Each structure stands twice: as C-alpha cells, then as structure tokens.
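Structure, as structure tokens:
The values are calculated or read from the model by the stated rules, or taken from the named source; none is laboratory data. Model, not experiment: these values are computed from the prediction. Note that each Cβ is placed from the backbone with ideal geometry, even for glycine, and that neighbours are counted across all protein chains shown. Each accessible area value is taken on the protein alone, full model and side chains, heavy atoms only, with ligands, DNA and RNA left out. Shrake-Rupley method; radii C 1.70, N 1.55, O 1.52, S 1.80 Å.
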Amino acid sequence: MKRRQFLKGVLYGTGGTMVALGGFGTFTKLAPQAVAAAKEEAKTVFSTCEMCTSRCTVAVKVKNDKVVKVEGNPHDGATAGTICARGNAGPSLLYDPQRIKKPMIRTGDRGSGKFKEVSWDEAYAHIADKVKTIQKDYGAETIAFASRVNPQDQFFRLIARAIGSPNTFSHEATCPMSRTTALEGTFGNPYIGADYGNAKYIITMGRNFFEGIHVPMVKGVMKAVANGAKLVVLDPRFSVTAAKGEWIPIKGATDLAFVMALANVMIKENLYDKEFLDQYTEGFDQWVEAVKDTTPEWAEKETGIPKDKIVEIARGFAAARPNALIEYGWRTPWTPNDYQLRRAIMIVNMMIGNWEVPGGYYQKKGAGVLAAFPDQSGYAKPTGGGFGPQPAAPKPAKGRIDGAGVKGTPGQLIPPVDGAVGQITESILTGKPYPVKGWFVHRFNPVISMPESDRLIEALKKLDLLVVCDVYMTDAAYFADVVLPECTYLERYEPIIDQSGLVPKLQLRQPAVPLVYADTKPGWQIYKELGEKIGIGDFFSFKDMEEFLTRQLQPAGLTLDQLKEKGFWSPAGMKPFFMRGNDPKAPAPPTNAPNGKIAIFSHEIEEAVKGEGIPKYKQYPQPEEGKFRFVQGKVAVHTNAGTHNVPVLNELMPQNSLWINTQSAAKLGVKDGDDIIISSGQYEHKGKAKVTEGIRPDTVFAYHGFGRISPELKRAYNKGINDNKLIKNEIGESGNVVTSTTFVTVRKA
Ligand SMILES: Nc1nc2c(c(=O)[nH]1)N[C@H]1C(S)=C(S)[C@@H](COP(=O)(O)OP(=O)(O)OC[C@H]3O[C@@H](n4cnc5c(=O)[nH]c(N)nc54)[C@H](O)[C@@H]3O)O[C@H]1N2
Ligand SMILES: Nc1nc2c(c(=O)[nH]1)N[C@H]1C(S)=C(S)[C@@H](COP(=O)(O)OP(=O)(O)OC[C@H]3O[C@@H](n4cnc5c(=O)[nH]c(N)nc54)[C@H](O)[C@@H]3O)O[C@H]1N2
Ligand code: SF4
Ligand SMILES: [Mo]
C-alpha cells in the first residue's frame, strides 16, 4: 500500500479502515464480531459520534442489541461517509469494563480513592443536602458549574440557574476562546465557518487539520490540496499537516508579527480588495497605520522567518484572492493576548475580500440567517426550546467570579457563556473576589485539561462539595465527593445538535442499544432527577427526551421519526449558500457586527480595553540558551484527555514522549528513548525523549492528555507526560488559559 493511502486509512478510518488498522493487531479483537455481523444483517442506527466534539454523523451497526461497528454515515456529504480511528473505537468505550457503573460517594480523604457504591437516590440526597448547606452558609453563587460544551448543557446549567448561581463555565477558555472573542469583536458573533474545499491558498498558524481532526474539515483541506491548493503551515514542530504542505518553523508566540508583516506587504504592493473594504468594513485606515512599520525585515527578527519568504507568501496569498484563507485557528491559547492574533488573521482575510465567497469565510447558515434572504428562506427550519413553561429563576446575589461580560471593563472580552474557567481554581484558593465552595463538573476533566494540575488538585481538596459526572473514574472524579456515572453517547438521546455550515444541518443523537450497565443514566435524566430532589423540579418541565425533541422539532415542521431516518436533516436540493457568491457587488448584509460593518477597528474591544481596538504586536520573551518553549497538541488516535483509557486507543498509543531537536538533545547528552526530567522551575515531570529533526531547536513538544493521575484509569495511569503539570494557571486577556509561553529545561533522568 502506498504510504499516502495507508496514512489516509489510519487517520480517517472508513469502512476500509479496519483493514489498515488490523496491521496494528488492535482491531483484530473486534474482528470475530464484525465477521458475524457481516454474515447476518445488522440494523443501522443513525446518530452522532461523541468520541470527540467534532460530532460527526455516524451509522451504528447493531446486532442483537449489541453495537458491532460504528461507521461513517453514507448519507452525509460533509464526511463522505467516513469517520476517524477514534470514532471507530466507540464500541471499545461502550463495552469497557473499567467504565463507572454505579453512583459513588467518597468515604476516605479526598485523593484516597476510597468510595462506596450507592443508589441514585442516596447520591441525589447527599448532593441536595450539601447544596442546601452551602446555599445557607455562603450563598448559591459560591457553587460553580463547569462542563465541556455539549448538547446536554441546558440541563446541567439549569441547576445553576434555578438555584441562583451565575458561575457557569465551559472548557472553552482552554480551547477556542481567543478566537471567539476575536470573531465577536469583528463580526458581532462567533458563528463563522471556512470553506476549505474551494480554497486555492491556505495558510495555517498551528491549526493541525490532520491530527486535530474534524472529518468534514479534513475532507475540505484534502480536496483543496488535491486540486492543487498551496498549503503553508507555520508551526514550531513538524506536524502531520506540515508534512502535507510547506513547513515554516516559526518561533512560538510570534505569529502576530508574521500576520502584520503580510498586511504590510499587501498594502505596500497594493495587493488587497479596496472595493470590498469600502463596502463591507470599517476602520481600515487605522489598520494601515498599525502595520506601517511591521515590515518583513522587522518580522524576520521576531519570527525567524526569512523576509523574502514572508513577501513570497503575501504575494501568493493575495494572488489567489478571494479564494484563499488564513486559518483562524481552533485551539487558540498560545499567548495571553492570543485574541489579537485571531483578530489580525481575520482582518488580513478581509483585506482579500474572502467573505461569503467560495474558498473563504462565511456566516453559518442557520435558520435565523437564511430567513433574511427571500430566495433562501424556504430552506430555513427554526427549531424551538424543549422545555415547557419555566418558573422565574432567582436573581444571583453577586456577579460572576471572573467578571465576564461586564461592559467597559477588561471582563467584556470574556464571553460570559463560557467564562474564564481558570478563575475557579483561583477563587477556591484565594477567596477572591469571593470563595468558591462547591463545584459541579460534567463531561470535563479539569485536572488534566486545565493548567497547573497540582494547584488545581490543591483547590479541589478545599471544596465543601465536588460532584463529577463522567463515564470513567477520571483524574477529577478521583477527588470528588459524589461521582455520577453517565451512560455513553451510544445509549442515549440528546437535544438537537445544530451543525449548520453553508447549508442548515440539524443532527440527532439517539440510543443505538439499551444500557450496557443498568445503573448508568443519561445526563438529562440525572439533572432532572437531581433537580427534583433539590426542590427545583418545576424547571425541568418535560417528561422524557422524546417529548423534549418533539417540542424542539415542532416549529421546524419536522418529526423525530424524520430525523431518525438519516440521523440528520438538511434541506433537500439546497446548494451551499454564499451571500456574495461570485458577485463582488452583492448588497448582502455581511455581518451582525455593530454598525452592520465588519469591524477592522472594533469599538467593542476598544470599549473593553482602551487602545486595543486595533491589534498591536506585543513581544513575549523567547527562551534563553538551555531552555525550551514547551508546546503541545493533538494526536490522531486520542481525544484531549478523554480516550487514553479506551482499550483499543490505549493499545494504539499508550504514552507520549517529549519531542526534542537532534542538536539540542546532543548538547544535553540525551538520546532517543532516554528517560528525562522536564522542569519548569516550579514543577518537574519524568518522561521519555523523542529525538527528531521535526522541531525547532528552541522548542519541545508533547502530545496532550497523557500522564494520568487517577489509578482507576488502569491502562492510562502514570503513563507518559501530563503537560499541564508543568504549565502555570495564567488567565489571558480574553479569559483564555495560556499554553505556549512556558519555558522548561530538560536533563537526563
Ligand atoms: N485526533 C484528534 N482530533 C481532535 C482532537 C483530539 O484531541 N484528537 N481535539 C479536538 C479539539 S477539542 C480541538 S480544539 C482541535 C484542535 O486542533 P488544533 O487547533 O489543530 O490544535 P493542536 O493540535 O492542539 O495544536 C496544533 C499545533 O499548534 C502548535 N503550536 C503551539 N504553539 C504555537 C505557536 O505559538 N505558534 C504556532 N504557529 N503554532 C503553535 C503545536 O506545535 C501543534 O502542532 O482538534 C479537535 N480534533
Ligand atoms: N496544556 C494543554 N492543555 C489543554 C490542551 C492542550 O493541548 N494543552 N487542549 C485543550 C483543549 S483544545 C480542550 S478542548 C480541552 C479538553 O478537555 P476537556 O474539556 O476536559 O475534554 P475531554 O478531555 O475531551 O473530555 C472530558 C471528559 O469527558 C468524559 N466523557 C466522554 N464522554 C462522556 C459522556 O458521554 N458523558 C460524560 N459525562 N462524560 C464523558 C471523558 O471521560 C473525559 O473525562 O483540554 C485543553 N487542555
Ligand atoms: S472526528 Fe472522529 S472522533 Fe471526532 S466526532 Fe468525528 S468521527 Fe468521532
Ligand atoms: Mo479543544
């Protein structure tokens, strides 16, 4: 098999993937079931994957109430019926005997690992009791709620609303928050997508499409590359994406200098779309002023990229206008002011007018957006809420601990639906602005996912109540008072998932099989029953998910049975809708930003922090001799900190190692595979070295999510490096964590 085909199979797993993966000896364990299924007809249940939050559509093959295989959904053009290796591993999670099977209450000290199994009723009663005590002694606002964004958030967050806590958080500060802040400040909303498939020139700053997988995006970028698009990859290390394009090993934390130099060249050489800027944007003059001195010569010193290369990229990018894009990033917490990098990226994008045209950026086409276009509005199907009438919620007695969303203050940069989740640790430990006493955690593993694991654990030990709902006894669950076992995504319904892009798309998650472990429950049921026990049951005014989903679909004129047919709904016959299409003069409303113009100068950001309305370069330190910048990223066969204990994925990759450049390693006397100690000064971690040419000499890299702390994750426990043990808990300017500014030293163990 050619290397390219092989990699394609391994990374993107199709029906044919099993063959490729069989080479690892891992999936052969599933083979007897798969063979049996092939002989006798398996039924197909169309649903949505949750092995990561890309949430691809899937076809689940079920035989005698057993999942025998998960495949891509052949009806879905966006994935072309493919899924990745992790999506394939769904059954391995479903049938893992190490899943938590019953609710548990802690019996020993926090971190002692001593728990007893209890009934759901006992678990709810214990939580309700503690909630009431905290409410009485300290106020409901001292109970924080944090989850990884998921369709069941509406049930989880309803507990907070109904008891009167404003402190709800998502994981987003660890992930795309700077991008969200940038998009809101520029376009008035973050629901902006990119049409990779039709792009002729793609520049990506770190965004690693082929390891940080989202199948429709992977398909788009592969299509573009296959059609001859240029792919320029700026990354301090040689990622799989870099291997598919031109690798530019940029110095970490300097990307903004590169982007501002592109703008400088494009303005000097008149390589931008003046008409577009006049018609659709405001504040370009201020940008011209901001980049007048950010020359390629200057940027070469900052970024380490030769000036001629910067000029070449600027010209190549502009020549492909408007069907070209600088990728806006996904995990975007490189530096404290990362949001200004994302702003600058979008400004340079707008300089070539790549807005609402093929190969450019676009407003996602949900029902609300389509409704404004008479020739498209027929395709719009607005969904509704699933709850019945709601009682009035108590007004929180205090504001949020992170000041998110407060106008006229720096907190305005922090999207309040997500919040600066790093502030929870700080408020527990410092009591500022007021202490956090209770913490509910759903589908989120802060101990591994948030910086400074040791400090976070210290904080968890101070809580009066920690409730964790997960499918495993994770590193966070290990310190909890009460652990609630959710069933997996293959066993439950969830609210409608809106995945609209250039066309509307409503996805369904539905149970493929009955509960594997009878004492696990879906999240919606857990929070409904807990709400009833706490005395806020009136808020959960729906009987079950069939009723909830039916209410959601009713305004759209759709039924649950219709969604079950293919697992999703998209309007038949609708073509990808670009508001401007190929007509550069189209009088389309481009954005819902204030003033109806794309905000190159952002009044909102200026209102939050004076002087920041236009991005300006901030220089961050570079590592001195003997130190390395520590960066991290995704690997194709694992998800964040979520899959390292899933049997087949653990077998594929049980641990990580620290990438270190060949010359740097030689100076330290470190050889490939050596045991090493990595030190941040404050914290140390043991690990193994991977000596490679594929990284800058001043940088080291580790795949994220390893080095697990909970001994109950029996396969993943203590294997590899937990990056967040080494990184400080710093809250960036838009509420983001900061993961690319830590310096470490490395020595032989
Ligand atoms: N297989 C797989 N797919 C996933 C996930 C997964 O865990 N596994 N997770 C999903 C999620 S939640 C997300 S957010 C996306 C993330 O997908 P991506 O945004 O692509 O994120 P990462 O892989 O974290 O980071 C990509 C690269 O950033 C580089 N980098 C670090 N610092 C800098 C810097 O200062 N400048 C530049 N230019 N580069 C830098 C790193 O070396 C790394 O190679 O992937 C999603 N898809
Ligand atoms: N230093 C550093 N830190 C990082 C990153 C990095 O690259 N470097 N990556 C960051 C990124 S991009 C992200 S998105 C975050 C991700 O971090 P998290 O938001 O914590 O997400 P995951 O690790 O994907 O999954 C969290 C938990 O969900 C559980 N889970 C899985 N399925 C279910 C389910 O059906 N129900 C329930 N209740 N639980 C379930 C998993 O077992 C896991 O414990 O981490 C971030 N942290
Ligand atoms: S990218 Fe892979 S793991 Fe993530 S939702 Fe899609 S198939 Fe599932
Ligand atoms: Mo993420």
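Quick one: count up the residues across segment 275-287 that are open to solvent by 30 Å² or more (accessible area, probe 1.4 Å) and not in a helix (DSSP H, G or I).
Of the residues in segment 275-287, 1 are open to solvent by 30 Å² or more (accessible area, probe 1.4 Å) and not in a helix (DSSP H, G or I).
Hey, among A324, A380, A367, A372, which residue is closer than 27 Å to L271 by Cβ and aliphatic (A, V, I, L, M)?
A324
Might you let me know whether segment 616-635 holds any residue that is under 20 Å from the mean Cα position of the chain (by Cα) and aliphatic (A, V, I, L, M)?
yes
Going residue by residue through segment 95-104, is there one that turns out to be in a strand (DSSP E or B), under 30 Å from L456 (Cβ atoms), within 16 Å of ligand 2 (Cβ to nearest atom) and open to solvent by less than 40 Å² (accessible area, probe 1.4 Å)?
yes
Inspect segment 712-733 for any residue being within 11 Å of ligand 2 (Cβ to nearest atom), touching a residue at least 24 places away in the same chain (Cβ under 8 Å) and farther than 25 Å from W330 by Cα and give the result as yes or no.
Yes, there is a match, as at least one residue in segment 712-733 is within 11 Å of ligand 2 (Cβ to nearest atom), touching a residue at least 24 places away in the same chain (Cβ under 8 Å) and farther than 25 Å from W330 by Cα.
Identify, please: which residue in segment 296-316 is surrounded by 18 or more Cβ atoms within 10 Å (Cβ to Cβ) and of a type outside the set (G, A, S) and is, among those, nearest to the chain's Cα centre (by Cα)?
Only one residue tops the list, namely T303.
So for segment 333-345 (the condition being within 16 Å of ligand 4 (Cβ to nearest atom) and open to solvent by 30 Å² or more (accessible area, probe 1.4 Å)), does at least one residue qualify?
Within segment 333-345, one or more residues are within 16 Å of ligand 4 (Cβ to nearest atom) and open to solvent by 30 Å² or more (accessible area, probe 1.4 Å).
Could you tell me which numbered condition K39 fails, if it satisfies all but one of (1) at pLDDT below 95; (2) within 16 Å of ligand 2 (Cβ to nearest atom); (3) not polar (S, T, N, Q)?
Result: K39 fails condition (2) only.
Residues of segment 599-615 being under 26 Å from the mean Cα position of the chain (by Cα) and open to solvent by 40 Å² or more (accessible area, probe 1.4 Å), which ones?
Across segment 599-615, the qualifying residue is only E604.
On the basis of being among the aliphatic types (A, V, I, L, M) and either within 16 Å of ligand 1 (Cβ to nearest atom) or at pLDDT 90 or above (or both), does V19 make the cut?
On the way: among the aliphatic types (A, V, I, L, M): yes; either within 16 Å of ligand 1 (Cβ to nearest atom) or at pLDDT 90 or above (or both): no.
No: the conditions fail for V19.
Do we find a residue being within 16 Å of ligand 2 (Cβ to nearest atom) and either part of a loop (DSSP other than H, G, I, E, B) or of a type outside the set (A, V, I, L, M) (or both) anywhere in segment 657-670?
Among the residues of segment 657-670, at least one is within 16 Å of ligand 2 (Cβ to nearest atom) and either part of a loop (DSSP other than H, G, I, E, B) or of a type outside the set (A, V, I, L, M) (or both), which makes the answer yes.
Can you pull out every residue in segment 196-234 that is small (G, A, S), over 22 Å from S178 (Cβ atoms) and within 16 Å of ligand 3 (Cβ to nearest atom)?
Within segment 196-234, just G220 meets the criteria.
Looking at segment 665-676 only, could you name the residues that are open to solvent by 30 Å² or more (accessible area, probe 1.4 Å) and in contact with a Gly (Cβ under 8 Å, 6 or more places away or on another chain)?
Of everything in segment 665-676, just one residue is open to solvent by 30 Å² or more (accessible area, probe 1.4 Å) and in contact with a Gly (Cβ under 8 Å, 6 or more places away or on another chain), namely D675.
Would you please name the residue that is farthest from P176 (Cα to Cα), looking only at residues in segment 714-747 that are under 23 Å from the mean Cα position of the chain (by Cα), open to solvent by less than 20 Å² (accessible area, probe 1.4 Å) and of a type in the set (A, V, I, L, M)?
A716
Could you check how many residues of segment 572-586 are open to solvent by 80 Å² or more (accessible area, probe 1.4 Å) and small (G, A, S)?
1
Can you tell me which of A324, A319, A290, A243 is hydrophobic (A, V, I, L, M, F, W, C) and open to solvent by less than 20 Å² (accessible area, probe 1.4 Å)?
After applying the criteria, what remains is A324.
Residue by residue through segment 149-196, note down the ones that are part of a loop (DSSP other than H, G, I, E, B), buried (at least 20 other Cβ atoms within 10 Å of the Cβ) and within 11 Å of ligand 2 (Cβ to nearest atom).
Once the filter is applied, which keeps residues that are part of a loop (DSSP other than H, G, I, E, B), buried (at least 20 other Cβ atoms within 10 Å of the Cβ) and within 11 Å of ligand 2 (Cβ to nearest atom), segment 149-196 yields N150, P151, Q152, C175, P176.
For residues in segment 162-179 being of a type in the set (S, T, Y) and within 20 Å of A392 (Cβ to Cβ), which is farthest from ligand 1 (Cβ to nearest atom)? Full working, then the answer.
As a first pass, look at segment 162-179 and keep what is of a type in the set (S, T, Y): 165, 168, 170, 174, 178.
Next, only the ones that are within 20 Å of A392 (Cβ to Cβ) stay: 165, 168.
On the way: S165: 26, T168: 19 Å.
My answer is S165.
Do we have G220 as assigned to a loop (DSSP other than H, G, I, E, B), away from ligand 2 (no atom under 16 Å from the Cβ) and without any contact (Cβ under 8 Å) to a residue 60 or more places away in the chain here?
no
Table: residues versus (1) open to solvent by 50 Å² or more (accessible area, probe 1.4 Å); (2) β-branched (V, I, T).
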residue	(1), (2)
A512	no, no
L515	yes, no
P522	no, no
I526	no, yes
G535	yes, no
L558	no, no
L563	no, no
S570	no, no
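When you look at K686, is it open to solvent by 10 Å² or more (accessible area, probe 1.4 Å) and in contact with an Asp or Glu (Cβ under 8 Å, 6 or more places away or on another chain), yes or no? Can you show your working first?
Values: open to solvent by 10 Å² or more (accessible area, probe 1.4 Å): yes; in contact with an Asp or Glu (Cβ under 8 Å, 6 or more places away or on another chain): yes.
Against the criterion (open to solvent by 10 Å² or more (accessible area, probe 1.4 Å) and in contact with an Asp or Glu (Cβ under 8 Å, 6 or more places away or on another chain)), K686 qualifies.
Answer yes or no as to whether A641 is within 16 Å of ligand 4 (Cβ to nearest atom), touching a Ser or Thr at 6+ places or on another chain (Cβ under 6 Å) and either assigned to a strand (DSSP E or B) or of a type in the set (G, A, S) (or both).
Criteria met by A641.
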